[in-house]
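No value in this document is a laboratory result; all are computed from the given coordinates. Note that the structure is predicted; figures quoted are calculated from it, not measured. Cβ: placed from backbone, ideal geometry, glycine included. Neighbour counts: every protein chain shown.
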Amino acid sequence: MIISLFILTVALGLVLQIAWKQNRALRQLQEAAQRNQPYLREENPANFLPQWRPLVDAINQLIRSNSELQHQHTDQLSQLEATLGNLREAVLIVDESNYIHLANRALRVIFPAARDLVNLRLELIVRSRPFIEYVRATRTGPALPRQEFEIIDGSSTIWIEVSGAPIAAPDGKSQWALFVIHDMTEQRKLEHVRRDFVANASHELRTPLSIIKGYIETLVDGHLTMAVEDRDKFLRTIQRHSERLNAIIDDLLVLSRLESATPGLKFAPVQLDHYFTNLAADYQQRPHARGYQISAQAAAELGTISADEEKLTQIFSNLIENALKYTAAGSQIEIGARLVESDEVECFVRDNGPGIPSEDLAHIFERFYRVEKGRSRETGGTGLGLSIVKHLAHLHGGRVWAESPPGQGLTILVRLPRSRSA
Ligand code: ADP
């Protein structure tokens with residue numbers, strides 16, 4: 001009885017020990033699979049059961065081929081990334097759940113807000129339903145034509161042109177998609193500017209033209225019976241408006257020449273103190289400037305700058321003419337320059353007239369922008385003078401801006417490099 005109880009206890013102990021060993025071995029096998037590292041029986045000789053050998057070998061084989069596949073995949077992607085990195089076109093690869101697997105440098109330039117695109121969901125980067133739908137359709141359906149998308153993110157808008165193709169995922173089981181993306185933003189913005197410009201220019205030309213047409217029609221119908229003074233008044237109005245038309249067309253031609261690839265500037269040294277003194281003296285003689293106090297402030301130390309003197313005169317004549325147009329007779333107009341850096345000079349045209357409200361200041365260099373439309377047209381303004389000034393300053397490697405503290409008139413500042421290389 002005692003012997004059989006002893007045998008039973010020993011057998012039970014053995015069974016429990018085997019069950020415990022099996023349990024541990026199972027857990028270790030599971031952990032190895034999760035870590036993607038083979039199960040080493042040498043590390044756990046006590047737990048290893050000989051009858052498990054075929055199972056452990058099969059699982060280890062699976063783990064090895066899986067990690068080999070993963071390495072291959074990462075290698076392929078980094079090879080692809082290195083190849084596509086320097087492409088001008090942006091390249092994107094997404095998986096079946098829209099996770100980004102490849103985004104080259106050009107793509108990161110288009111979406112600078114997202115620091116690292118890889119492993120992010122596409123929806124977080126490109127907030128455009130039509131684009132996400134295009135991605136889905138590319139992956140699953142027949143080939144789609146190239147398509148353009150407008151993507152609005154906060155206050156900024158970008159335009160991208162996308163073409164895509166489905167590709168097999170590295171595991172061969174699912175479908176991914178590859179896209180080539182062109183950034184069209186600059187092009188679209190330029191088109192906008194051009195469209196606005198054409199609309200504005202047509203409007204500006206149409207106004208004097210319709211006035212001329214109206215007066216001519218009246219003259220054609222009634223010139224025989226019309227009083228001479230009326231006829232004279234009509235003809236003078238026609239003359240004034242044709243001069244305006246002419247001025248607008250002249251300024252448009254100047255602008256288009258300045259914007260062309262060969263604006264034709266001839267650079268030579270210009271002695272600044274002489275230049276401004278002579279320009280002020282020239283204006284003091286002009287009949288329409290009589291009654292204004294025009295003075296020059298330019299010290300001999302300013303030396304010379306490298307500039308196209310004729311174009312320089314176009315800049316400063318435009319600014320002086322504006323000061324004459326928009327300030328009352330008797331006003332002061334100061335022109336001149338001062339040295340700001342060793343390689344830059346700051347030229348200015350200052351008046352003590354009504355100035356420009358702060359909200360308009362940033363816009364006055366835009367084409368056809370006028371603060372007081374009536375006054376500009378009355379005095380023969382085209383609304384293009386300051387944009388010509390801006391272009392000319394840029395062609396000299398400089399920049400231009402306006403300052404108008406309340407009650408202190410207007411100062412236009414033109415900063416120019418002393419030499420062309422600067
Ligand atoms: P415009 O041919 O109408 O003079 P500009 O481009 O030269 O066109 O100037 C743009 C606008 O800036 C003008 O219409 C005018 O309203 C304003 N402006 C320019 N210069 C002055 C000035 N010295 N004082 C006040 N306003 C000015």
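General remarks:
- Computed FRET value (nearest 0.05) for His192 with Lys373, which takes r as the C-beta separation and R₀ as 22 Å: 0.45
- Count of Lys pairs (Cα-Cα under 18 Å; at least 8 positions apart or interchain) in the chain: 5
- Global geometry of the range 2-75, whether rounded, prolate or oblate, following the gyration tensor of its Cα atoms and the 1.5 cut on a/c: prolate
- In nm, spacing of pseudo-spin labels at Ser419 and Glu346 (7 Å Cα→C-beta vector): 2.3
- Scanning residues 5 or more positions from Glu344 or on other chains, those with amide H under 5 Å from its amide H are Arg418, with H placed 1.01 Å from N in the peptide plane.
- Screening the chain for DSSP H helices whose Cα atoms reach 30 Å or more along their own axis and whose mean Kyte hydropathy is at least 0.0 gives 2-35.
- Computed over the range 189-258, Kirkwood Rh from alpha-carbon pairs, angstrom: 13.9
- ³J(HN,Hα), Karplus 6.51/-1.76/1.60, whole Hz, each residue of the range 164-173, x for Gly, Pro: x, 8, x, 9, 7, 5, x, 7, x, 9
- Dipole of the range 2-75 computed with +1 at Lys/Arg Cβ and -1 at Asp/Glu Cβ about the Cα centre; of Ala58, Asn23, Leu5, farthest Cα towards the positive end is Leu5.
- Residue-span extension gain [Arg146 to Lys233] - 0.36 nm each, minus C-alpha spacing: 25.2 nm
- DSSP beta bridges confined to the chain are antiparallel in about 90 percent of cases.
- Between amide H atoms placed 1.01 Å from N, distances below 5 Å from Gln297 occur with Ile335, Gly336, Ala337, all of them 5 or more places distant or on a separate chain.
- Calculated log₁₀ intensity ratio I(q)/I(0) where the Debye formula runs over C-alpha points of the chain, q = 0.09 Å⁻¹: -0.84
- Expected 222 nm ellipticity per residue - DSSP helices of 4 or more, -39500 (n - 2.57), all of the chain, to 500: -17000 deg cm²/dmol
- Amide hydrogen neighbours beyond the local backbone of Ala307, cut-off 5 Å, H modeled: Ala268, Val270
- Span from the the range 108-151 Cα centroid across to the the range 297-342 one, whole angstrom: 53
- Applying 1/(1 + (r/R0)^6) with r as the Cβ-Cβ distance of Gln17 and Thr74 and R0 = 56 angstrom yields a FRET efficiency of 0.80.
- Relative contact order of the chain, pairs being alpha-carbon contacts under 8 Å that are 6 or more residues apart, as %: 9
- Cβ-Cβ FRET estimate between His288 and Arg115, R0 fixed at 41 Å, reported to 0.05: 0.10
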